[in-house]
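*Asks:* My questions will all concern the structure given below.
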Amino acid sequence: MKELATLLLKSLSATPENVVVTEEITDNRVYLSTKVDAADKGKIIGKDGCIIKAVRTVLSAAGTNQDKKVTLKLEDE
């Protein structure tokens, strides 16, 4: 999941080298926490949060194939 989230977020970011994704796995849950450059934050969130919601939907669909529930959080710096 971490690799997929990293790929998606780096492709959306103007400074992909500043995208950091951390992963914590428990029984059937995957918690992903990401930090992006402050200039890219609005681009990642999108208008009314539509971009970050789409990324979460893709990750959730990928997690369903592995019987895992995926949570993505965008951290403040």
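Values in this text are rule-based calculations from the coordinates and carry no lab data. None of these values were measured; they are calculated from a predicted model. Backbone-built Cβ (ideal geometry, glycine too); neighbour counts: all protein chains shown.
*Asks:* Using 7 Å Cα-to-Cβ label points, what is the T22/V58 separation (nm, one decimal)?
*Replies:* Between T22 and V58, the simple spin-label model gives 2.4 nm.
*Asks:* Quick check on the chain: helices-only [θ] at 222 nm, where DSSP H runs of length 4 and up contribute -39,500 (n - 2.57) each and the sum goes over total residues. Nearest 500, please.
*Replies:* On the way: 3 runs with 32 residues, N = 77.
Calculated at 222 nm, the ellipticity per residue is -12500 deg cm²/dmol.
*Asks:* Sticking with this one: Per residue Cα convex hull volume for the chain, in cubic angstrom?
*Replies:* Spelled out: Cα convex hull of the chain, divided by residues, is 77 Å³.
*Asks:* So how strong a dipole does the stretch 19-77 carry about its Cα centre when Lys and Arg Cβ are +1 and Asp and Glu Cβ are -1, to the nearest 20 debye? Show your work: numbers first, answer last.
*Replies:* Details: 10 positive and 10 negative charges, 56 e Å.
I would put it at about 260 debye.
*Asks:* Listed here are the pairs K43/K69; K2/K41; K10/K47; which of them are more than 23 Å apart at the Cα? Let's see the in-between values first.
*Replies:* Numbers: K43/K69 25 Å; K2/K41 19 Å; K10/K47 18 Å.
Listed pairs above 23 Å: K43/K69.
*Asks:* In addition: If I model a spin label at D76 and K35 as a point 7 Å from the Cα along the Cα→Cβ vector, what separation in nanometres do I get?
*Replies:* Roughly 1.5 nm, to one decimal.
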